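These notes are about the structure you will find just below.
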Amino acid sequence: MGDVISFDFAKPQLDEGSQQSALAQCFARHRRIGDDVFWLKENAEFLNVHETSGKRLTAQALSAYEVFYHDVENRLRFFPQYYRFLLSITLDLEALGFEGEKGPALCAWTHEAQLVDAELSDLQRAEAARLLARGGIGEMKLDEALSARLRRFISHSATFSLPNKKAAYELTHIVFYLSDYGRRDPDIGAEAVRSLMFAGTLALIDENADLLAEVCLALRAARQTVPEMWEDWVHAVSAQFQVIAETSPPIDDYHEYLTCNWLAMATGRDSFVQDLSPERMLFRKSRGHRGVLRALSEHLYHLADRRVEDWATMRRELEGQLAHEAYAHLLSAEAAYPEFGQFFAHFARAGS
């Protein structure tokens with residue numbers, strides 16, 4: 001029998017413009033209807049990851065938003081409660097290459113209508129201030145009182161050593177707004193950097209690629225070094241996504257898909273590598289979850305007064321209690337962060 005000859009066929013290079021167009025058509029025309037607030041959310045996020053990555057969209061991709069752009073003034077007047085979404089989409093479209101200059105006029109109308117005065121959240125006020133500044137209303141730098149409150153929040157690092165996704169996402173977005181998504185140095189202090197490192201460590205333990213990608217992006221925006229292992233892990237998760245064209249309701253992992261690929265664009269890696277088509281698509285991540293955070297928390301809880309804050313001591317205790325893969329994943333989180341012991345001292349809640 002002769003030798004078996006194998007051929008290594010390289011995967012064809014995907015065209016970025018075609019991928020952009022397929023995603024734009026999917027989000028703008030096929031997943032949801034335009035009057036749905038979730039349509040606004042999904043499209044604002046899709047456009048934002050491209051605009052903040054310094055991208056331009058092709059004319060074909062931008063054409064998916066012609067109907068929205070034509071009617072955006074009426075939408076803003078009738079749905080003022082969604083002004084942040086509407087301004088974000090419009091400003092990003094124009095920054096990404098859409099022909100038009102509606103953004104400044106919409107920002108002026110929003111300012112005159114005093115819509116920002118209805119915001120209770122400092123985070124939303126910061127987002128609104130950034131949007132208005134992009135449209136020529138006010139300065140991009142936040143006012144001192146608002147900035148001080150946001151900086152106080154992100155500097156309380158103990159908060160981010162415990163599972164609290166809402167607080168963690170607020171942390172990353174505050175850094176985005178303070179830095180204008182990395183366009184200027186936010187000059188955050190050491191405690192705020194520690195907050196990001198704690199949040200990222202917890203996200204890795206929990207196998208939450210969506211949050212970990214945002215933490216990596218926030219660290220980059222803050223001019224800080226990002227653990228290489230974190231970015232590698234997010235990239236591996238991104239590569240395992242399945243993108244399926246089907247007509248079932250769009251309940252999926254689209255946000256994690258966008259955020260992982262946002263980080264890929266920021267780090268110069270290949271992004272949106274799956275085959276994409278201009279129709280309704282669902283984005284599903286691999287479900288190989290080890291459940292490390294739950295197992296770790298439950299064991300520490302049941303230790304009660306035998307729980308201590310010293311990581312070296314508790315590591316020996318946990319080795320025999322966690323499944324092998326879960327324990328190995330926990331050790332990889334330790335290896336990625338030199339100050340893991342400080343993180344664990346808060347996470348353990350010894351003496352509580």
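For the reader, a short list of remarks on this structure follows.
- Screening the candidates Leu47, Leu57 for the property of being in contact with a Leu (Cβ under 7 Å, 6 or more places away or on another chain), part of a helix (DSSP H, G or I) and at pLDDT 95 or above yields one hit, Leu47.
- Scanning the stretch 110-137 for residues that are touching a residue at least 24 places away in the same chain (Cβ under 8 Å) and on the phi > 0 side of the Ramachandran plot yields a single hit, Gly136.
- All conditions in (1) more than 24 Å from Leu217 (Cα to Cα); (2) touching a Ser or Thr at 6+ places or on another chain (Cβ under 7 Å); (3) polar (S, T, N, Q) hold for Ser248, with the sole exception of (2).
- Single residue of the stretch 331-343 satisfying the filter (of a type in the set (A, V, I, L, M, F, W, C) and in contact (Cβ under 8 Å) with a residue 60 or more places away in the chain) that is nearest to Ile205 (Cα to Cα): Ala333
- Number of residues in the stretch 246-269 that are out of contact with any Leu (no Cβ under 7 Å at 6 or more places or on another chain) and either at pLDDT 95 or above or assigned to a helix (DSSP H, G or I) (or both): the value is 14.
For every residue, the table says whether it meets (1) modelled with pLDDT of 95 or more; (2) of a type in the set (S, T, N, Q); (3) within 13 Å of the chain's Cα centre (by Cα); (4) surrounded by fewer than 24 Cβ atoms within 10 Å (Cβ to Cβ).
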{"residue": "Ala192", "(1), (2), (3), (4)": "yes, no, no, no"}
{"residue": "Ser195", "(1), (2), (3), (4)": "yes, yes, no, no"}
{"residue": "Thr201", "(1), (2), (3), (4)": "yes, yes, no, no"}
{"residue": "Cys216", "(1), (2), (3), (4)": "yes, no, yes, no"}
{"residue": "Met229", "(1), (2), (3), (4)": "yes, no, no, yes"}
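- Residues that are within 14 Å of Arg77 (Cα to Cα) and either acidic (Asp, Glu) or not in a helix (DSSP H, G or I) (or both) within the stretch 103-121 comprise Glu112, Ala113, Gln114, listed in sequence order.
- Of all residue pairs spaced 6 or more apart or on separate chains, those with beta-carbon atoms under 7 Å, a first member in the stretch 82-108 that is of a type in the set (D, E, K, R) and a second member that is surrounded by fewer than 21 Cβ atoms within 10 Å (Cβ to Cβ) and assigned to a loop (DSSP other than H, G, I, E, B) are Glu94/Gly100; Glu94/Glu101.
- Candidate set: the stretch 161-182, residues that are crowded, with 22+ Cβ neighbours inside 10 Å and small (Gly, Ala, Ser); chosen: the one farthest from the chain's Cα centre (by Cα): Ser161
- Of the helices (runs of 4 or more DSSP H) contained entirely in the stretch 278-352, those carrying at least 1 residues that are at pLDDT below 95 and either out of contact with any Cys (no Cβ under 6 Å at 6 or more places or on another chain) or surrounded by fewer than 16 Cβ atoms within 10 Å (Cβ to Cβ) (or both) fall at 292-303, 311-319, 324-336.
Let's see how each residue does on (1) under 22 Å from Glu51 (Cα atoms); (2) surrounded by fewer than 21 Cβ atoms within 10 Å (Cβ to Cβ); (3) at pLDDT 95 or above:
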site: Lys102; (1), (2), (3): yes, yes, yes
site: Leu106; (1), (2), (3): yes, no, yes
site: Arg125; (1), (2), (3): yes, yes, yes
site: Ala128; (1), (2), (3): yes, no, yes
site: Ala148; (1), (2), (3): no, yes, yes
site: Arg152; (1), (2), (3): no, yes, yes
site: Thr159; (1), (2), (3): no, yes, yes
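- For His50, the criteria (1) surrounded by 14 or more Cβ atoms within 10 Å (Cβ to Cβ); (2) touching a Phe, Trp or Tyr at 6+ places or on another chain (Cβ under 7 Å) hold in every case but one, which is (2).
- Failed condition for Ser121, given (1) buried (at least 19 other Cβ atoms within 10 Å of the Cβ); (2) more than 25 Å from Ser21 (Cα to Cα); (3) within 22 Å of the chain's Cα centre (by Cα): (1)
- Scanning the stretch 31-56 for residues that are over 12 Å from the mean Cα position of the chain (by Cα) and among the acidic types (Asp, Glu) turns up Asp35, Asp36, Glu42, Glu51.
- Condition met for Tyr177 (closer than 28 Å to Phe78 by Cα and among the hydroxyl-bearing types (Ser, Thr, Tyr)): yes
The values are calculated or read from the model by the stated rules, or taken from the named source; none is laboratory data. Keep in mind the model is a prediction, meaning the values are calculated, not measured. Please note: Cβ atoms are built from the backbone with ideal geometry, for glycine as well, and neighbour counts cover all protein chains shown.
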